[in-house]
Amino acid sequence: MLEQIEKLEQQALADLHAVQDEDALQRWKVSHLGRSSSLMKTFDQLGSLSKEERPAIGRRANQAKQALEAAFNQQSDRLRQQTLERSLQSERLDVTLPGRPQVRGRLHPITRTLRQINRVFGDMGFQVFRSPEVETDEYNFELLNIPAHHPARDMWDTFHTSTPGVLLRTHTSPGQIHVMRKYAPEPIRVILPGMCYRYEQVSARKDTQFNQVEGLAIGKNITMSDLKGTLTDFTRRMFGEQVRTRFRASHFPFTEPSAEMDIECFLCQGAGCGVCSGSGWLEILGCGMVHPVVMTNGGYDPTKFMGYAFGLGPERITMLLHQIEDIRYLWGNDIRFLEQF
Ligand code: FA5
(Lines give C-alpha, C1' and ligand atoms only; values in the text may rest on other atoms or scores of the structure.)
Protein backbone atom coordinates (compact mmCIF):
# COMPACT_ATOMS: atom_id res chain seq x y z
CA MET A 1 0.00 0.00 0.00
CA LEU A 2 2.83 2.43 0.88
CA GLU A 3 4.44 1.70 -2.47
CA GLN A 4 1.17 2.34 -4.24
CA ILE A 5 0.85 5.78 -2.55
CA GLU A 6 4.44 6.53 -3.47
CA LYS A 7 3.70 5.67 -7.11
CA LEU A 8 0.52 7.78 -7.16
CA GLU A 9 2.42 10.73 -5.77
CA GLN A 10 5.28 10.41 -8.27
CA GLN A 11 2.87 10.02 -11.19
CA ALA A 12 0.84 13.06 -10.09
CA LEU A 13 3.93 15.23 -9.73
CA ALA A 14 5.17 14.17 -13.17
CA ASP A 15 1.74 15.00 -14.68
CA LEU A 16 1.74 18.37 -12.94
CA HIS A 17 5.06 19.19 -14.46
CA ALA A 18 3.56 18.87 -17.93
CA VAL A 19 0.62 21.19 -17.17
CA GLN A 20 0.91 24.43 -19.17
CA ASP A 21 -2.38 26.27 -18.74
CA GLU A 22 -5.14 27.00 -16.24
CA ASP A 23 -7.65 24.51 -17.76
CA ALA A 24 -5.18 21.66 -17.67
CA LEU A 25 -4.30 22.60 -14.10
CA GLN A 26 -7.95 22.34 -13.01
CA ARG A 27 -8.30 18.97 -14.76
CA TRP A 28 -5.15 17.78 -12.94
CA LYS A 29 -6.63 18.83 -9.61
CA VAL A 30 -9.83 16.89 -10.23
CA SER A 31 -8.04 13.70 -11.23
CA HIS A 32 -5.34 13.75 -8.49
CA LEU A 33 -6.94 15.53 -5.55
CA GLY A 34 -10.64 15.24 -6.39
CA ARG A 35 -13.08 13.06 -4.41
CA SER A 36 -12.83 10.12 -6.80
CA SER A 37 -9.06 10.34 -7.31
CA SER A 38 -7.02 7.24 -6.44
CA LEU A 39 -5.26 9.04 -3.60
CA MET A 40 -8.52 10.12 -1.96
CA LYS A 41 -9.85 6.57 -2.26
CA THR A 42 -6.96 5.31 -0.12
CA PHE A 43 -8.42 7.33 2.76
CA ASP A 44 -11.71 5.46 2.30
CA GLN A 45 -9.82 2.16 2.52
CA LEU A 46 -8.12 3.00 5.85
CA GLY A 47 -11.04 1.54 7.82
CA SER A 48 -10.50 -1.91 6.34
CA LEU A 49 -6.84 -2.01 7.35
CA SER A 50 -5.44 -3.64 10.47
CA LYS A 51 -4.77 -1.49 13.54
CA GLU A 52 -1.00 -1.89 13.06
CA GLU A 53 -1.00 -0.83 9.41
CA ARG A 54 -3.46 2.01 9.69
CA PRO A 55 -1.32 4.81 11.31
CA ALA A 56 1.65 4.47 8.97
CA ILE A 57 -0.51 4.29 5.83
CA GLY A 58 -2.73 7.15 7.01
CA ARG A 59 0.30 9.34 7.73
CA ARG A 60 1.83 8.57 4.36
CA ALA A 61 -1.43 9.29 2.50
CA ASN A 62 -1.69 12.63 4.32
CA GLN A 63 1.90 13.49 3.46
CA ALA A 64 1.23 12.73 -0.19
CA LYS A 65 -1.94 14.83 -0.18
CA GLN A 66 -0.11 17.81 1.38
CA ALA A 67 2.77 17.45 -1.06
CA LEU A 68 0.40 17.45 -4.03
CA GLU A 69 -1.52 20.45 -2.70
CA ALA A 70 1.70 22.41 -2.21
CA ALA A 71 2.89 21.47 -5.71
CA PHE A 72 -0.51 22.49 -7.11
CA ASN A 73 -0.27 25.93 -5.46
CA GLN A 74 3.23 26.42 -6.70
CA GLN A 75 2.30 25.48 -10.27
CA SER A 76 -0.76 27.69 -10.11
CA ASP A 77 1.38 30.71 -9.03
CA ARG A 78 3.89 29.98 -11.77
CA LEU A 79 1.17 29.84 -14.47
CA ARG A 80 -0.40 33.11 -13.24
CA GLN A 81 2.98 34.79 -13.32
CA GLN A 82 3.62 33.49 -16.84
CA THR A 83 0.24 34.82 -18.10
CA LEU A 84 0.94 38.22 -16.56
CA GLU A 85 4.37 38.42 -18.14
CA ARG A 86 2.99 37.41 -21.52
CA SER A 87 0.30 40.13 -21.44
CA LEU A 88 2.74 42.76 -20.21
CA GLN A 89 4.90 41.88 -23.15
CA SER A 90 2.13 41.96 -25.77
CA GLU A 91 0.25 45.01 -24.37
CA ARG A 92 3.33 47.01 -23.73
CA LEU A 93 2.66 50.79 -23.31
CA ASP A 94 5.17 53.43 -24.21
CA VAL A 95 4.44 56.01 -21.55
CA THR A 96 6.94 58.40 -23.09
CA LEU A 97 4.80 58.86 -26.26
CA PRO A 98 3.24 62.36 -26.36
CA GLY A 99 -0.57 62.37 -25.69
CA ARG A 100 -3.17 63.15 -28.35
CA PRO A 101 -4.12 66.85 -28.10
CA GLN A 102 -7.74 67.55 -27.09
CA VAL A 103 -9.71 69.43 -29.75
CA ARG A 104 -11.30 72.31 -27.89
CA GLY A 105 -14.58 73.75 -29.18
CA ARG A 106 -15.41 77.43 -29.06
CA LEU A 107 -18.40 79.72 -29.46
CA HIS A 108 -19.51 80.59 -32.98
CA PRO A 109 -18.60 84.20 -33.87
CA ILE A 110 -22.31 85.06 -34.22
CA THR A 111 -23.06 83.66 -30.76
CA ARG A 112 -20.28 85.85 -29.37
CA THR A 113 -21.67 88.93 -31.13
CA LEU A 114 -25.20 88.14 -29.90
CA ARG A 115 -23.92 87.84 -26.32
CA GLN A 116 -22.08 91.14 -26.65
CA ILE A 117 -25.21 92.85 -28.03
CA ASN A 118 -27.31 91.39 -25.19
CA ARG A 119 -24.78 92.67 -22.65
CA VAL A 120 -24.64 96.21 -24.08
CA PHE A 121 -28.44 96.55 -24.17
CA GLY A 122 -28.71 94.76 -20.83
CA ASP A 123 -26.49 97.45 -19.31
CA MET A 124 -28.91 100.05 -20.71
CA GLY A 125 -31.86 98.36 -18.99
CA PHE A 126 -33.28 96.28 -21.87
CA GLN A 127 -34.66 92.80 -21.18
CA VAL A 128 -34.58 89.86 -23.62
CA PHE A 129 -37.94 88.66 -24.97
CA ARG A 130 -38.24 85.54 -27.15
CA SER A 131 -40.80 85.27 -29.94
CA PRO A 132 -41.52 82.50 -32.49
CA GLU A 133 -39.61 81.90 -35.74
CA VAL A 134 -42.69 80.40 -37.41
CA GLU A 135 -45.23 83.17 -37.68
CA THR A 136 -48.58 84.01 -39.19
CA ASP A 137 -49.08 86.46 -42.04
CA GLU A 138 -51.09 88.51 -39.56
CA TYR A 139 -48.18 89.05 -37.16
CA ASN A 140 -45.38 89.25 -39.75
CA PHE A 141 -47.26 91.75 -41.96
CA GLU A 142 -50.88 92.75 -41.24
CA LEU A 143 -50.49 93.93 -37.65
CA LEU A 144 -47.30 95.76 -38.66
CA ASN A 145 -49.34 97.94 -40.99
CA ILE A 146 -48.46 95.95 -44.14
CA PRO A 147 -51.78 94.76 -45.59
CA ALA A 148 -51.96 92.09 -48.32
CA HIS A 149 -50.91 93.42 -51.74
CA HIS A 150 -49.11 96.40 -50.17
CA PRO A 151 -46.01 97.10 -52.31
CA ALA A 152 -43.84 97.18 -49.12
CA ARG A 153 -44.21 93.39 -48.95
CA ASP A 154 -41.65 93.25 -51.78
CA MET A 155 -39.00 94.26 -49.22
CA TRP A 156 -39.45 90.88 -47.49
CA ASP A 157 -39.24 87.95 -49.91
CA THR A 158 -40.97 85.28 -47.90
CA PHE A 159 -40.72 81.53 -47.33
CA HIS A 160 -44.35 80.38 -47.01
CA THR A 161 -45.28 77.02 -45.49
CA SER A 162 -47.81 74.60 -46.97
CA THR A 163 -50.31 75.85 -44.36
CA PRO A 164 -51.99 78.99 -45.76
CA GLY A 165 -51.14 82.09 -43.74
CA VAL A 166 -48.19 80.45 -41.92
CA LEU A 167 -44.64 81.52 -42.82
CA LEU A 168 -41.05 81.74 -41.60
CA ARG A 169 -40.67 85.20 -40.13
CA THR A 170 -38.81 87.59 -42.42
CA HIS A 171 -37.82 89.86 -39.53
CA THR A 172 -38.06 90.01 -35.74
CA SER A 173 -40.61 92.86 -35.88
CA PRO A 174 -43.68 90.57 -35.32
CA GLY A 175 -42.19 90.08 -31.83
CA GLN A 176 -43.11 93.75 -31.19
CA ILE A 177 -46.80 92.83 -31.33
CA HIS A 178 -46.31 89.77 -29.08
CA VAL A 179 -44.48 91.76 -26.40
CA MET A 180 -46.87 94.75 -26.57
CA ARG A 181 -49.94 92.52 -26.24
CA LYS A 182 -48.33 90.83 -23.24
CA TYR A 183 -47.40 94.00 -21.33
CA ALA A 184 -49.82 96.78 -22.47
CA PRO A 185 -50.36 99.32 -20.94
CA GLU A 186 -47.03 99.03 -19.02
CA PRO A 187 -43.89 100.77 -20.33
CA ILE A 188 -41.58 98.43 -22.28
CA ARG A 189 -37.83 98.25 -22.90
CA VAL A 190 -36.90 94.96 -24.58
CA ILE A 191 -34.67 93.37 -27.21
CA LEU A 192 -35.84 90.38 -29.25
CA PRO A 193 -32.98 88.34 -30.75
CA GLY A 194 -33.47 85.43 -33.17
CA MET A 195 -33.28 83.88 -36.63
CA CYS A 196 -35.08 85.29 -39.67
CA TYR A 197 -35.57 83.78 -43.12
CA ARG A 198 -35.82 85.41 -46.54
CA TYR A 199 -36.17 83.97 -50.00
CA GLU A 200 -33.26 86.12 -51.21
CA GLN A 201 -30.62 86.06 -53.85
CA VAL A 202 -27.57 85.19 -51.72
CA SER A 203 -24.64 87.61 -51.97
CA ALA A 204 -21.62 88.85 -49.96
CA ARG A 205 -23.98 90.80 -47.67
CA LYS A 206 -27.22 88.80 -47.86
CA ASP A 207 -28.07 85.28 -46.79
CA THR A 208 -31.37 83.39 -46.74
CA GLN A 209 -31.05 82.79 -43.00
CA PHE A 210 -29.67 85.37 -40.59
CA ASN A 211 -30.17 86.81 -37.13
CA GLN A 212 -31.81 90.04 -36.16
CA VAL A 213 -32.03 91.78 -32.82
CA GLU A 214 -35.19 93.83 -32.54
CA GLY A 215 -35.38 96.60 -29.98
CA LEU A 216 -38.54 98.20 -28.61
CA ALA A 217 -39.05 100.96 -26.06
CA ILE A 218 -42.52 102.26 -25.20
CA GLY A 219 -43.38 104.91 -22.65
CA LYS A 220 -44.95 108.32 -22.16
CA ASN A 221 -42.08 110.60 -23.22
CA ILE A 222 -39.99 108.66 -25.69
CA THR A 223 -38.66 110.65 -28.65
CA MET A 224 -36.53 110.24 -31.77
CA SER A 225 -33.59 111.73 -29.80
CA ASP A 226 -33.78 108.78 -27.39
CA LEU A 227 -33.64 106.43 -30.36
CA LYS A 228 -30.62 108.16 -31.91
CA GLY A 229 -28.85 108.49 -28.56
CA THR A 230 -29.40 104.83 -27.64
CA LEU A 231 -28.21 103.50 -31.00
CA THR A 232 -25.19 105.84 -31.13
CA ASP A 233 -24.22 104.73 -27.64
CA PHE A 234 -24.72 101.09 -28.70
CA THR A 235 -22.32 101.43 -31.67
CA ARG A 236 -19.70 103.14 -29.48
CA ARG A 237 -19.89 100.34 -26.91
CA MET A 238 -19.65 97.69 -29.67
CA PHE A 239 -17.01 99.25 -31.93
CA GLY A 240 -15.23 101.83 -29.76
CA GLU A 241 -15.49 105.63 -29.36
CA GLN A 242 -13.89 106.35 -32.76
CA VAL A 243 -16.64 104.64 -34.80
CA ARG A 244 -18.24 106.75 -37.54
CA THR A 245 -21.99 106.30 -38.06
CA ARG A 246 -24.82 108.02 -39.90
CA PHE A 247 -28.62 107.95 -39.91
CA ARG A 248 -30.37 107.96 -43.28
CA ALA A 249 -34.06 108.64 -43.87
CA SER A 250 -35.90 105.48 -44.92
CA HIS A 251 -39.34 103.91 -45.05
CA PHE A 252 -40.92 101.12 -43.03
CA PRO A 253 -44.72 100.84 -42.82
CA PHE A 254 -44.52 100.10 -39.06
CA THR A 255 -42.46 103.20 -38.11
CA GLU A 256 -42.96 106.91 -38.78
CA PRO A 257 -40.54 108.56 -39.27
CA SER A 258 -38.15 105.77 -40.30
CA ALA A 259 -34.38 105.66 -40.68
CA GLU A 260 -31.49 103.34 -41.35
CA MET A 261 -28.17 103.45 -39.58
CA ASP A 262 -24.87 102.89 -41.39
CA ILE A 263 -21.30 102.33 -40.19
CA GLU A 264 -18.28 103.44 -42.15
CA CYS A 265 -16.98 100.59 -44.32
CA PHE A 266 -14.11 98.78 -42.57
CA LEU A 267 -12.39 97.89 -45.80
CA CYS A 268 -12.11 101.22 -47.60
CA GLN A 269 -12.59 103.60 -44.63
CA GLY A 270 -15.33 105.42 -46.49
CA ALA A 271 -13.60 105.68 -49.88
CA GLY A 272 -15.98 103.18 -51.55
CA CYS A 273 -15.23 99.55 -52.47
CA GLY A 274 -16.85 96.26 -53.55
CA VAL A 275 -18.01 95.34 -50.02
CA CYS A 276 -19.96 98.62 -49.55
CA SER A 277 -21.05 98.84 -53.21
CA GLY A 278 -18.98 102.00 -53.62
CA SER A 279 -20.91 103.99 -50.97
CA GLY A 280 -18.30 103.94 -48.18
CA TRP A 281 -21.01 102.88 -45.67
CA LEU A 282 -22.51 99.57 -44.51
CA GLU A 283 -26.12 99.40 -43.31
CA ILE A 284 -26.51 97.66 -39.94
CA LEU A 285 -30.10 98.41 -38.93
CA GLY A 286 -33.51 99.85 -39.66
CA CYS A 287 -35.35 101.94 -37.06
CA GLY A 288 -37.98 104.57 -36.36
CA MET A 289 -40.78 105.75 -34.10
CA VAL A 290 -43.49 103.10 -33.67
CA HIS A 291 -46.40 103.83 -36.04
CA PRO A 292 -49.72 104.73 -34.32
CA VAL A 293 -51.48 101.83 -36.12
CA VAL A 294 -48.92 99.37 -34.69
CA MET A 295 -49.30 100.97 -31.23
CA THR A 296 -53.05 100.42 -31.42
CA ASN A 297 -52.64 96.83 -32.68
CA GLY A 298 -50.36 96.17 -29.71
CA GLY A 299 -52.94 97.52 -27.24
CA TYR A 300 -51.48 101.00 -26.51
CA ASP A 301 -53.29 104.32 -26.90
CA PRO A 302 -51.13 106.25 -29.43
CA THR A 303 -52.36 109.58 -28.06
CA LYS A 304 -50.83 108.73 -24.67
CA PHE A 305 -47.84 106.49 -25.50
CA MET A 306 -44.86 106.85 -27.81
CA GLY A 307 -42.13 104.42 -28.67
CA TYR A 308 -39.18 103.61 -30.86
CA ALA A 309 -38.12 100.36 -32.50
CA PHE A 310 -35.09 99.10 -34.35
CA GLY A 311 -33.97 95.88 -36.06
CA LEU A 312 -30.25 95.25 -36.36
CA GLY A 313 -28.24 92.53 -38.11
CA PRO A 314 -25.69 90.66 -35.96
CA GLU A 315 -24.11 89.05 -39.06
CA ARG A 316 -23.36 92.49 -40.52
CA ILE A 317 -22.00 93.63 -37.14
CA THR A 318 -19.78 90.54 -36.92
CA MET A 319 -18.45 91.26 -40.42
CA LEU A 320 -17.57 94.79 -39.36
CA LEU A 321 -16.00 93.69 -36.06
CA HIS A 322 -13.77 91.05 -37.65
CA GLN A 323 -13.37 92.49 -41.16
CA ILE A 324 -15.11 89.52 -42.82
CA GLU A 325 -15.71 90.24 -46.48
CA ASP A 326 -18.45 87.71 -47.21
CA ILE A 327 -21.48 86.83 -45.04
CA ARG A 328 -21.50 83.29 -46.48
CA TYR A 329 -18.39 82.38 -44.47
CA LEU A 330 -20.44 82.72 -41.28
CA TRP A 331 -22.84 79.86 -42.01
CA GLY A 332 -20.61 77.86 -44.42
CA ASN A 333 -19.46 75.66 -41.52
CA ASP A 334 -15.83 75.64 -42.66
CA ILE A 335 -13.66 74.79 -39.67
CA ARG A 336 -10.68 76.71 -41.15
CA PHE A 337 -12.76 79.87 -40.98
CA LEU A 338 -14.35 79.20 -37.58
CA GLU A 339 -11.00 78.34 -35.94
CA GLN A 340 -9.85 81.92 -36.41
CA PHE A 341 -12.22 83.21 -33.73
C1 FA5 B 1 -36.23 95.07 -41.25
O2 FA5 B 1 -36.22 93.86 -41.31
C3 FA5 B 1 -37.07 95.81 -40.25
N4 FA5 B 1 -37.91 94.90 -39.57
C5 FA5 B 1 -36.16 96.57 -39.31
C6 FA5 B 1 -36.90 97.53 -38.43
C7 FA5 B 1 -37.29 97.13 -37.17
C8 FA5 B 1 -37.21 98.82 -38.90
C9 FA5 B 1 -37.98 98.02 -36.35
C10 FA5 B 1 -37.89 99.70 -38.10
C11 FA5 B 1 -38.27 99.30 -36.83
P12 FA5 B 1 -34.34 95.33 -43.01
O13 FA5 B 1 -34.94 94.46 -44.04
O14 FA5 B 1 -33.60 96.52 -43.49
O15 FA5 B 1 -35.42 95.85 -41.98
O16 FA5 B 1 -33.36 94.46 -42.11
C17 FA5 B 1 -32.75 94.97 -40.94
C18 FA5 B 1 -31.31 94.49 -40.82
O19 FA5 B 1 -31.25 93.07 -40.90
C20 FA5 B 1 -30.42 94.97 -41.96
O21 FA5 B 1 -29.91 96.25 -41.69
C22 FA5 B 1 -29.34 93.92 -41.97
O23 FA5 B 1 -28.38 94.20 -40.98
C24 FA5 B 1 -30.08 92.66 -41.57
N25 FA5 B 1 -30.47 91.89 -42.77
C26 FA5 B 1 -31.53 92.07 -43.57
N27 FA5 B 1 -31.55 91.17 -44.57
C28 FA5 B 1 -30.47 90.39 -44.39
C29 FA5 B 1 -29.93 89.27 -45.11
N30 FA5 B 1 -30.54 88.76 -46.16
N31 FA5 B 1 -28.79 88.73 -44.65
C32 FA5 B 1 -28.18 89.24 -43.54
N33 FA5 B 1 -28.63 90.27 -42.84
C34 FA5 B 1 -29.76 90.86 -43.26
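Only residues that are hydroxyl-bearing (Ser, Thr, Tyr) and either part of a strand (DSSP E or B) or more than 9 Å from the ligand (Cβ to nearest atom) (or both) were counted in the range 177-224, giving 4.
Candidates in the range 183-239 are the residues that are in contact with an Asp or Glu (Cβ under 6 Å, 6 or more places away or on another chain) and of a type in the set (A, V, I, L, M, F, W, C); of these, the one that is modelled with the lowest pLDDT is 204.
Which count do you get for residues in the range 94-120 that are part of a loop (DSSP other than H, G, I, E, B), open to solvent by 80 Å² or more (accessible area, probe 1.4 Å) and within 30 Å of residue 192 (Cα to Cα)? Working first, answer last.
Initially, the range 94-120 is screened for residues part of a loop (DSSP other than H, G, I, E, B), giving 94-108.
Checking the rest, the ones that are also open to solvent by 80 Å² or more (accessible area, probe 1.4 Å) come to 94-98, 100-104, 106.
From what is left, the residues that are within 30 Å of residue 192 (Cα to Cα) are 106.
Count: 1.
A residue that is within 49 Å of the chain's Cα centre (by Cα) and over 30 Å from residue 340 (Cβ atoms) can be found somewhere in the range 60-81.
Whether any residue in the range 155-170 is open to solvent by 40 Å² or more (accessible area, probe 1.4 Å) and within 11 Å of the ligand (Cβ to nearest atom) is what I want to check. So far as the range 155-170 goes, yes, one or more of its residues are open to solvent by 40 Å² or more (accessible area, probe 1.4 Å) and within 11 Å of the ligand (Cβ to nearest atom).
For beta carbons closer than 7 Å, sequence separation of 6+ or different chains, a first residue in the range 273-288 that is free of Cβ contacts under 8 Å to residues at least 12 places away in the same chain and closer than 21 Å to residue 251 by Cα and a second that is open to solvent by less than 20 Å² (accessible area, probe 1.4 Å) and within 9 Å of the ligand (Cβ to nearest atom), the qualifying pairs are 276/282. When 240, 278, 311 are screened for being open to solvent by 10 Å² or more (accessible area, probe 1.4 Å) and either outside the structural domain of residue 124 (by TED's automatic domain parsing) or in contact with a Ser or Thr (Cβ under 7 Å, 6 or more places away or on another chain) (or both), only 311 passes. Of the numbered criteria (1) within 16 Å of the ligand (Cβ to nearest atom); (2) in contact with a helix residue (DSSP H, G or I) (Cβ under 9 Å, 6 or more places away or on another chain); (3) closer than 24 Å to residue 211 by Cβ, the one residue 233 fails is (1).
Within the range 191-228, the set of residues being closer than 23 Å to residue 140 by Cβ and basic (Lys, Arg) comprises 198, 205, 206. Here residue 128 fulfils each of the conditions (1) within 44 Å of the chain's Cα centre (by Cα); (2) open to solvent by 80 Å² or more (accessible area, probe 1.4 Å) apart from (2).
Pairing residues of the range 77-93 that are surrounded by 10 or more Cβ atoms within 10 Å (Cβ to Cβ) with residues that are charged (D, E, K, R), at Cβ distances under 7 Å and at least 6 apart in sequence or on separate chains, gives 79/21; 79/22. Listed by first and then second residue, the pairs linking a residue in the range 221-245 that is closer than 23 Å to residue 187 by Cβ to a residue that is in a loop (DSSP other than H, G, I, E, B), with Cβ atoms under 8 Å apart and 6 or more places separating them unless they lie on different chains, are 230/124; 233/124; 234/124.
Among the residues of the range 104-159, write down those that are free of Cβ contacts under 8 Å to residues at least 40 places away in the same chain and on the phi > 0 side of the Ramachandran plot. Scanning the range 104-159 gives a single hit, 149.
The values are calculated or read from the model by the stated rules, or taken from the named source; none is laboratory data. As the structure is a computational prediction, the values presented were derived from the model and not from experiment. Every residue, glycine as well, gets a Cβ built from its backbone with ideal geometry; the counts of neighbours run over all protein chains shown. Heavy atoms of the whole protein, side chains included, go into the accessibility calculation; ligands, DNA and RNA do not. Shrake-Rupley method; radii C 1.70, N 1.55, O 1.52, S 1.80 Å.
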